[in-house]
Amino acid sequence: MNAKHSRLGIEPVRIGMLTPSSNTVLEPETQALIAPLGARATVHFGRFRVTQIGLDAEADSQFALEPILAAADLLADAKLDLIAWNGTSASWRGFDSDHRLCAEIEARTGIPATSSILSLNAAMGAIGLRRLGLVTPYTSDVQQAIMNTYAESGIEIVSEAHAGRRNNFSFAEISSQDVQDMCRKVAIAQPEAIAIVCTNMQGARLCTGLEAELGIPVFDSVAVTLWGCLQRCGIQTHDLRSFGQVFELKPQWMTTE
C-alpha cells in the first residue's frame, strides 16, 4: 500500500486506530509524530470502553471482541487502508489475543489490521532483541503477566519499573519526569532496549532524549504503533527519525498470521 492516485491528485494513506475510551495521550501524540509526513498519511480514531487495567474478569471483559469489532465497523466507513488496535492488552493477555483480533477485524471489514504489541514485537525482532527493560504504569500482577508473556517468547525482562496504577485515565497523569526516571532505573541493568508499554503514558516524545542519554533504543508504544502502521502501508518512516530510533528500523516481519 502507498499513496493512491485519484482525479484530484494523490490521496493520503488512511490509518484507523482503535483507542481505549479513557485514553487522552495517544491521539495528540500520534498527530504530532505523523505531522512531518504532511499529506502522505492521515490517522483516524475510534473508541471503545476501557477504563481500568487488571487481571480480574471485570477488567478483562473490556477486551471482548464484539465491542472492538463494532468500533472497527465505524472506522471502516472512512475507507481506510489499515486498522490498528492502539493498545497493549496482548502483552498480558497473550500475543494470540491480538492475532485473533486482527484476523477478526480483517474478516469483518476487509481491511488489514495490526496492533501496538505486534508492532513492538516487530521492532524488537528488527534488532534481534533478547534482553528488555520494561516500563509501565500498571500494577504488580499485570507487570508480572507481561514479563511472563515475553519470557515465553524468548525475551528476558532484565529490569522493570511500574507505577502500580489500575485506572486507565490516571496513566496520562504520570509526569514525563517520572517516565524518564523509570527508564533511567531500568537502564542500570543494561538491557538491549527499553519498552514503554502503555498507549496512555507520556513517552513518545521522550525517546530521542532518553536514547541519547542511555545509549539504547527506547520503544514507546504510541510511537511504535505508528511506525508499524506506516511500515505495513509502505510509507517510509525515515522522515520521523527525530522521534526515535524505531523510525529508522525495517521490520523482519509484520503479519497477523
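Where a number appears in this text, it was derived from the coordinates with a stated rule and is not lab data. This structure is a prediction, so every number in the text was calculated from the model and none was measured. We place every Cβ from the backbone using ideal geometry, glycine too, and count neighbours over all the protein chains shown.
Structure summary
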{"read-out": "Selection from T208, P20, Q177, by position along the positive dipole direction of the chain (Cβ)", "value": "T208"}
{"read-out": "Dipole in debye (nearest 20) - the chain, about Cα centre, beta carbon charges: Lys, Arg +1; Asp, Glu -1", "value": "600"}
{"read-out": "Local electrostatic count at G244 - Lys and Arg +1, Asp and Glu -1, tallied over other residues with Cβ under 10 Å", "value": "-1"}
{"read-out": "Neighbour-count ranking [beta-carbon atoms within 10 angstrom, fewest first] of Y138, Y150", "value": "Y150, Y138"}
{"read-out": "From the C-alpha gyration tensor of the chain, square roots of 5λ in Å", "value": "27, 21, 16"}
{"read-out": "Quotient of C-alpha Rg and 2.2 N^0.38 Å, computed over the range 128-220", "value": "0.99"}
{"read-out": "Within the chain, helix-based [θ] at 222 nm, where runs of 4 or more DSSP H residues each add -39,500 (n - 2.57), nearest 500", "value": "-11500 deg cm²/dmol"}
{"read-out": "Long-range HN-HN contacts of F48 with modeled amide H, under 5 Å", "value": "T19, S21"}
{"read-out": "GNM result for the chain, Cα springs below 10 Å: residue of R108, R14, R131 fluctuating most strongly", "value": "R108"}
{"read-out": "For the chain, built as a Gaussian network whose Cα springs stay under 10 Å, the top-fluctuating residue of Q245, Q177, Q52", "value": "Q177"}
